[in-house]
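First up is the structure itself, then whatever we jot down about it.
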Amino acid sequence: MKIPKTTNFFVALLALSISSLTLAFAQNKAKDLMNKTPEERAKFQTEMMKNKLSLNVEQQTKIEAINLNYAKKFEPIIKSSDSKLTKYKQAKSLQKAKDEELKKVFTSSQYKQYEKFQEELKGKLKDKM
């Protein structure tokens, strides 16, 4: 059975609309997250890692402490009026240190999953720019 071209057009339009809504939701979520306290951001990050990486209870406790520590360190960068480039350099340096701490808590498999997830996020951010 052949599908009419108008139906294909509307399906494509619907898919485009849904993906635009998803992107808008993700952008709003990121903005909302920036307006949260360091404690709220750390809790969000920990929950996300718990779900994506299947953390055990001991790991979750350690990860929560690491996330809170770095959320507090990121706070001045987020609130800063420095240039985007300066903020990027500061954030990248902090993220590298955080990743080293996380690596000590994750299993090698979990860390690989974490890195993959980070790359996906970077790709999404680049697409937004």
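The values are calculated or read from the model by the stated rules, or taken from the named source; none is laboratory data. Just so it is clear, the model here is predicted, and its values are computed rather than measured. Neighbour counts run over all protein chains shown; Cβ positions are idealised from the backbone, glycine included.
Might you check whether a residue that is surrounded by 11 or more Cβ atoms within 10 Å (Cβ to Cβ), in contact with an Asp or Glu (Cβ under 9 Å, 6 or more places away or on another chain) and modelled with pLDDT under 95 occurs anywhere in the range 91-108?
No; the residues of the range 91-108 include none that is surrounded by 11 or more Cβ atoms within 10 Å (Cβ to Cβ), in contact with an Asp or Glu (Cβ under 9 Å, 6 or more places away or on another chain) and modelled with pLDDT under 95.
Taking the condition more than 23 Å from Lys43 (Cβ to Cβ), exposed (fewer than 11 other Cβ atoms within 10 Å of the Cβ) and within 17 Å of the chain's Cα centre (by Cα), does Lys112 pass?
Here the answer is no, as Lys112 does not meet what is asked.
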